[in-house]
Every structure is written in C-alpha cells, then in structure tokens.
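Colleague: Mind looking over this structure? Questions follow.
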Amino acid sequence: MPPPSVPIAIVGFGSIARSHLSALRDLPVVRPGSVLPVVSTIVTERPAAVRDEAEALGVRRVVETLEEALTDHELQLVDVASRNDRHAAQAREVLDANRALYLEKPIGRTRQEAESLATHALDVDLPSQPGLVLRYEPAIVEARALIREGAIGEVRHGRMGSFHGSYLDPARPTSWRLRAASAGGGAMLDLGVHLIDALRFLLGDARLVAASARTVVPSRPGADGADEPVDVDDWSWGELEVGNGAHVTVEASRIFLGAEGVPFELYGTAGSLVGDLGTGRVALQRFDGREAVYREAARRDPYVRGVEALRPPARLSLGSFVDLHAAALHHVLLRVAGDDPAPGLAPTLADAAAAESVAHEIVETGRQGEPMVAAAGSVASPQSPHG
C-alpha cells in the first residue's frame with residue numbers, strides 16, 4: 001500500500017522557505033514509506049522570477065497571492081515561511097480556509113498579534129504547528145526524559161544560549177530583519193524564542209526575573225547608502241524562573257565571533273546535564289555514578305523514540321539545521337494524514353505565543369538599562385485541545 005500523500009503550498013521563497021522545501025523534497029528518500037509530501041504551489045511576490053526554478057524543482061503552480069493558492073481544493077497543508085510581518089495575517093487566512101498550518105516563528109510581531117492568532121487557532125480542528133524546531137533536537141528530548149526520570153534530581157539552575165555572528169559586521173546593509181515594524185524583534189525573538197520554548201518544554205512555565213538587551217550597531221547602510229536606524233536587539237539576556245523554582249538564563253546574540261553554537265547546562269540536586277544543540281549530544285553526570293541506569297530508562301521515553309523516527313537517520317543526515325526542519329515538517333505531515341507518533345510533542349500556537357511573550361518581555365525590560373522587578377506569576381497562554 002503506498003504511503004499517504006499530502007498536497008502542500010509554501011508561502012515565501014527566501015532562505016527559510018528553501019530550507020523547508022529541501023527537507024520536504026528529501027523526506028521520501030530519508031524516510032521512505034512514511035508520508036509523501038507533494039509541494040504543489042509556491043506563493044511569492046516575484047512569480048515571474050521564481051517560476052522557472054520552481055518548475056525545475058517539480059512545483060507546478062507559482063502564484064502571487066495566498067488567496068489564489070487556496071482555490072486548490074486538494075490542498076491540505078500550507079507552510080507559511082514568508083516575512084515576519086505577514087505571518088499572523090496569512091496564518092489566519094489559512095485557518096479560515098480550513099487548511100492545516102505550519103507557521104514559521106514568530107507567529108506575530110507583538111504579544112497581542114501572537115496571542116490573538118493562538119486563540120483563533122483553538123476554533124479550528126486541524127493541526128496548526130509553529131516552527132519551534134528545538135523540540136526535535138535529540139539532546140532536548142533526551143534531557144527532558146532524563147529530568148523526568150530524576151537523573152539530576154530537582155533542577156536548581158542552568159543556562160542556555162544561541163550564538164551567531166550574522167550581524168557582527170557593522171557594514172552589513174540593513175534589511176527588514178533589523179526593523180521592529182517588519183521583524184517584530186531582533187536576536188531574542190529570532191533565536192532566543194527557540195530556547196524559551198525548549199526551556200518551557202523541559203521544565204514548565206517561565207517567569208522573568210531579570211533582563212538586559214542591547215542594540216550594538218545602532219545604524220546600518222540602507223539601499224541608497226545612507227545610514228538607517230536599527231531598532232531591534234543585537235544581543236539579549238534574560239533570567240527566568242521555571243518549573244519548581246529553578247533559575248535558568250537564556251542568551252541570544254547575532255553579533256558573536258567565535259565557535260557558533262547552541263549550548264545548554266542544567267544543574268540539579270543529584271547531577272547535571274550539559275549539551276550542545278548543534279551536536280545532538282547531552283552529557284549526564286551524577287554524584288553517585290549511576291548514569292547508565294538513567295540513560296537506559298530515557299531511551300524508552302516516547303518522545304525520544306518519536307524524534308528518532310521523525311528525523312533523518314544519521315547516515316542520511318541533511319545537516320543539523322535541515323534535519324530539525326525535516327523532523328518538524330515530518331511530524332505535521334503525519335498529523336495531517338491522521339497519524340501522530342508522539343502526541344504532545346508538537347508545539348502549539350499557544351506555546352509559540354507564550355515563548356514570544358517572554359522574548360518581548362526580556363527585550364522591553366532589558367532596554368530599561370537597570371535591574372527590574374518582574375510581575376508575579378507565569379506567562380499565561382491559551383490551551384489547545386487539538387495540539
């Protein structure tokens with residue numbers, strides 16, 4: 001019996017959309033027999049410039065508007081990978097057309113935009129999944145399983161970071177990503193939101209305790225060569241209280257020079273977990289030396305096994321970045337086809353809204369330039385019955 005096929009439209013044709021397309025095209029090769037993604041449509045503002053390339057990739061339709069794409073009654077899933085300022089409106093259009101949704105982060109430029117969309121999604125009985133891909137990182141699901149097995153006891157403190165050098169050069173021209181009106185935010189909303197979601201996935205709701213944020217390069221060359229102001233953060237840091245009172249810091253930088261990576265460390269009453277999300281490995285150390293017992297228990301965890309089945313196998317890796325997107329897209333495709341191998345693993349739009357709210361709070365508070373007193377209570381978010 002052939003695997004089920006899912007017709008897909010991709011909105012956007014920039015670098016992230018191309019990463020998604022690469023993952024979708026390779027999925028039948030790296031996971032044969034699972035589900036067959038059929039990218040039938042690309043939505044782009046530059047249809048004439050994109051059409052020849054799309055046709056060479058086997059995509060039969062290139063249209064200028066999402067409305068036109070949605071006239072295809074066979075279309076089941078829409079992958080929104082456009083500019084940030086279009087995400088919320090386009091996602092709402094997809095949901096209103098009764099199609100499944102995969103949505104790149106951020107799901108909104110502001111707290112209000114994200115929370116409104118997350119609430120709207122509760123009324124649609126189809127999968128809607130944001131691109132918070134760190135849930136498909138082996139080190140994260142293994143760390144979660146180990147914590148639940150009691151491998152490091154009660155978590156007390158830790159730190160997570162995402163370090164990139166994409167905007168280190170002050171001569172790099174400005175772009176929509178450096179304007180709050182179009183991007184919604186800078187380093188923390190772009191990179192740190194993944195860390196915040198991973199932390200909530202590991203330990204529970206988060207409350208901000210302290211923060212700092214900076215725009216290190218305040219202006220950059222515009223299209224005409226004249227300097228234009230930058231109003232998003234280049235670097236941000238926040239201390240969060242999570243779960244049962246553990247304090248964990250999250251740091252995001254787009255001006256980092258050195259070995260780029262996504263390291264994390266969690267310390268508890270019985271041991272520690274130290275890993276790098278770029279390698280997929282996490283080191284467990286216990287005071288009593290019984291690491292092997294807990295590792296064996298963690299391997300039986302349904303999320304650990306689910307991520308292993310959703311990702312490309314190691315010998316067919318597409319690279320760490322595309323592997324994450326491939327696993328997340330594989331999961332939403334299976335959910336659309338009616339098969340969820342790991343219920344509860346996929347992030348919801350409510351999860352995205354909660355993580356983005358924390359990201360905004362870190363930057364807004366951090367820009368005040370002095371220690372802050374955060375409002376009591378965890379970040380509230382709507383709960384989805386559909387997942």
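Colleague: Condition (residue is of a type outside the set (Gly, Ala, Ser), crowded, with 24+ Cβ neighbours inside 10 Å and free of Cβ contacts under 8 Å to residues at least 60 places away in the same chain) applied to region 120-138: is it met by at least one residue?
Modeller: Looking for residues that are of a type outside the set (Gly, Ala, Ser), crowded, with 24+ Cβ neighbours inside 10 Å and free of Cβ contacts under 8 Å to residues at least 60 places away in the same chain, one finds none in region 120-138, hence no.
Colleague: Restricting region 40-61 to residues that are under 19 Å from Leu75 (Cα atoms) and part of a loop (DSSP other than H, G, I, E, B), which is most open to solvent (accessible area, probe 1.4 Å)?
Modeller: Arg60
Colleague: How do the pairs read when you match residues in region 85-109 that are without any contact (Cβ under 8 Å) to a residue 12 or more places away in the chain with residues anywhere that are crowded, with 24+ Cβ neighbours inside 10 Å and hydroxyl-bearing (Ser, Thr, Tyr), using Cβ under 8 Å and keeping only pairs 6 or more apart or on different chains?
Modeller: Matching pairs, first to second residue: none at all.
Colleague: Something else now. So is Asp190 open to solvent by 30 Å² or more (accessible area, probe 1.4 Å), in a helix (DSSP H, G or I), more than 18 Å from Gln368 (Cβ to Cβ) and in contact with a strand residue (DSSP E or B) (Cβ under 9 Å, 6 or more places away or on another chain) or not? Outline the logic, then answer.
Modeller: Values: open to solvent by 30 Å² or more (accessible area, probe 1.4 Å): yes; in a helix (DSSP H, G or I): yes; more than 18 Å from Gln368 (Cβ to Cβ): yes; in contact with a strand residue (DSSP E or B) (Cβ under 9 Å, 6 or more places away or on another chain): yes.
Yes; evaluated as a whole, the condition is true for this residue.
Colleague: Which condition breaks for Ser22 when tested against (1) part of a helix (DSSP H, G or I); (2) among the hydroxyl-bearing types (Ser, Thr, Tyr); (3) surrounded by fewer than 16 Cβ atoms within 10 Å (Cβ to Cβ)?
Modeller: Going through (1) part of a helix (DSSP H, G or I); (2) among the hydroxyl-bearing types (Ser, Thr, Tyr); (3) surrounded by fewer than 16 Cβ atoms within 10 Å (Cβ to Cβ) one by one, Ser22 breaks only (3).
Colleague: Now a separate question. Quick check on this structure: which one of Ala49, Ala69, Ala91, Ala81 is touching a Ser or Thr at 6+ places or on another chain (Cβ under 6 Å) and of a type outside the set (Ser, Thr, Tyr)?
Modeller: When all the criteria are applied, what remains is Ala69.
Colleague: Taking region 275-310 only, how many residues are without any contact (Cβ under 8 Å) to a residue 24 or more places away in the chain and of a type in the set (Gly, Ala, Ser)?
Modeller: So the count comes out to 3.
Colleague: Give region 62-74 a look and list any residue that's assigned to a loop (DSSP other than H, G, I, E, B) and either closer than 21 Å to Ser19 by Cβ or of a type in the set (S, T, N, Q) (or both), or say none.
Modeller: Within region 62-74, Thr65, Thr71 meet the criteria.
Colleague: Looking only at region 250-266, how many residues end up being touching a strand residue (DSSP E or B) at 6+ places or on another chain (Cβ under 7 Å) and buried (at least 19 other Cβ atoms within 10 Å of the Cβ)?
Modeller: Total satisfying the criteria: 9.
Colleague: On to the next question. Going by the conditions given, is Ala114 of a type outside the set (Val, Ile, Thr), within 15 Å of Ala355 (Cα to Cα) and in contact (Cβ under 8 Å) with a residue 40 or more places away in the chain?
Modeller: Considered against the rule, which asks whether it is of a type outside the set (Val, Ile, Thr), within 15 Å of Ala355 (Cα to Cα) and in contact (Cβ under 8 Å) with a residue 40 or more places away in the chain, Ala114 comes out as yes.
Colleague: Mind checking which residues of region 151-170 are assigned to a strand (DSSP E or B), open to solvent by 30 Å² or more (accessible area, probe 1.4 Å) and under 13 Å from Val262 (Cα atoms)?
Modeller: Hits for region 151-170 are Arg159, Phe163.
Colleague: Let me ask something additional. For residues that are without any contact (Cβ under 8 Å) to a residue 40 or more places away in the chain and of a type in the set (D, E, K, R), scanning just region 62-84, find the one that is most open to solvent (accessible area, probe 1.4 Å).
Modeller: Glu67
Yes/no per residue for (1) at pLDDT below 95; (2) open to solvent by 20 Å² or more (accessible area, probe 1.4 Å):
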{"residue": "Arg300", "(1), (2)": "no, yes"}
{"residue": "Gly306", "(1), (2)": "no, no"}
{"residue": "Ala309", "(1), (2)": "no, yes"}
{"residue": "Ala314", "(1), (2)": "yes, yes"}
{"residue": "Asp340", "(1), (2)": "no, yes"}
{"residue": "Leu345", "(1), (2)": "no, no"}
{"residue": "Glu356", "(1), (2)": "no, no"}
{"residue": "Ala376", "(1), (2)": "yes, yes"}
{"residue": "Pro385", "(1), (2)": "yes, yes"}
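Colleague: I want to confirm something. Restricting to region 195-234 and keeping residues that are of a type in the set (D, E, K, R) and part of a helix (DSSP H, G or I), which single residue is most open to solvent (accessible area, probe 1.4 Å)?
Modeller: Restricting to residues being of a type in the set (D, E, K, R) and part of a helix (DSSP H, G or I), the top hit is Arg200.
Colleague: Could you tell me which numbered condition Ala259 fails, if it satisfies all but one of (1) over 30 Å from Val217 (Cβ atoms); (2) part of a loop (DSSP other than H, G, I, E, B)?
Modeller: Result: Ala259 fails condition (1) only.
Colleague: Between Ser128, Ser175, which is of a type outside the set (A, V, I, L, M) and over 25 Å from Ser320 (Cβ atoms)?
Modeller: Ser128
Colleague: Same structure again: So in region 86-114, with the set limited to residues that are aliphatic (A, V, I, L, M) and part of a strand (DSSP E or B), which one is farthest from Pro347 (Cα to Cα)?
Modeller: Checked region 86-114; the qualifying residue farthest from Pro347 (Cα to Cα) is Ala100.
Colleague: Next up: Filter the helices (runs of 4 or more DSSP H) completely within region 270-363 down to those with at least 2 residues that are closer than 24 Å to Pro3 by Cβ.
Modeller: 302-310, 320-336
The values are calculated or read from the model by the stated rules, or taken from the named source; none is laboratory data. All values reported here derive from a predicted model rather than from experimental measurement. In this analysis, Cβ positions are derived from the backbone assuming ideal geometry, glycine residues included, and neighbour counts consider all displayed protein chains. All accessible areas refer to the heavy atoms of the entire protein, side chains included, with ligands and DNA or RNA removed. Shrake-Rupley method; radii C 1.70, N 1.55, O 1.52, S 1.80 Å.
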